[in-house]
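Rule-based calculations on the coordinates, nothing more; no lab input. For clarity, every value in this text was computed on a predicted model and none was experimentally measured. Neighbour counts run over all protein chains shown; Cβ positions are idealised from the backbone, glycine included.
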Amino acid sequence: MFRSSSSATATSAATSVNGFYAFLTQNLDDLSRSFHSHNFMSIHFLQHVLSSLQSFHSHLILLVQKLHLPVGEKWLDEYMDESARLWEVCHVIKSGISNMENYYSAALTIATSLENHHFLNPQISRQVLRAINGCQRERVGLEEENRGLIRTRIQPLMMNFDKNVLIESKFNGFNGFRGVLFALRNTNSLLLMILLSGLVYCSPITSFSSSSCHGNNAMNYSESRSVFGLGFMVSASRLHDEVMENEDGQNGVLLYEFWTARAAIDELKTEIERSRGTGMEFDVSERVEKVKSCFGGLQCGVENMIVQLDDFFDEIVEARKKLSDLCTHG
């Protein structure tokens, strides 16, 4: 589990509105640094993104308990709406990465079967090529299913990262909680889009080039850090633009480990097709080892991400109950 903030900042985030904005800012800056220190959409970076989502949510709950918000007011409904959205999108993410299981299982089965057949003859080559074709069909199927998840379950949520933040007095409502919740919702949208593009499917619906509102009314963030905690918007906008630049109009599952695994199985297929025409046995041990390594890494990353998501679901359930009880008992 990634924890990027200092204990002092975390403590401040839990006790004051301004502390929470500072906590968002610091963590988003940490994410930018992590983004540049790893491969684009690597599992390591995406685990950091999910950890940030978890941390932002948990610190919001701590802050609410310090603000002494009025019982029975609309703030609870607004939190419940946002946590329900988090729940829904994270379940889509879990479904999307769970769809990879048949793909990496098929590839690892091929690699295991070839461990004792480093030198392939024409007959074994035909069998392996049929298995690889089946594995590639699994990949096409999971991408199609994941694209459907984005279209049917994410598109209705109209999830956008809004760069054009207007300073309105309503954000001071409920002792500043409304502004905090807006900040969290906007930041959540950015981080969830990163996770969806990396782990489920990047399409025009989740594309960063079309995800933010651009216009002439955009705030001059650098001059507005002290108003409505806009330091976090500077950091969030920077991270958004960095991801958008690297995305560069790509479609499909952008996960780095997914692409390296795909390349490894494609290279094995190309090697077998090239060599089988000679009628002689040939050594594929190096290609097989690469397939095993890449798909093993993909499997490990997917399984770890699922565990992390399940932990987050438990945290959301606990937080919703805690805040409901807070209102019930005053």
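Can you give the local net charge around Ser113? Use residues other than it whose beta-carbon is closer than 14 angstrom to its beta-carbon, Lys and Arg +1, Asp and Glu -1.
So the surrounding residues net to +2.
Enumerate the calculated ³J(HN,Hα) couplings along the range 245-251 in order (Karplus 6.51 cos²θ - 1.76 cosθ + 1.60, θ = phi - 60°), each rounded to whole Hz, writing x wherever the residue is Gly or Pro.
4, 7, 4, 6, x, 6, 10
Could you tell me how many cubic angstrom of Cα convex hull volume the range 234-317 has per residue?
In the range 234-317, the Cα hull volume divided by residue count equals 141 Å³.
Under 19 Å Cα-Cα from Lys74, which aspartates and glutamates qualify once same-chain neighbours fewer than 8 residues away are excluded?
Glu82, Glu168, Asp325
What whole-number distance in Å separates the alpha-carbon centres of the range 247-289 and the range 64-96?
The range 247-289 and the range 64-96 have Cα centres spaced 44 Å from each other.
Please list, by residue number, everything in the range 185-204 whose backbone N is under 13 Å from a paramagnetic label point 7 Å out along Cα→Cβ of Asp81.
Inside the label zone: 185-186.
In terms of modelled amide H atoms, which long-range or inter-chain residues lie less than 5 Å from the amide H of Phe282?
The list, which skips near neighbours in sequence, is Leu120.
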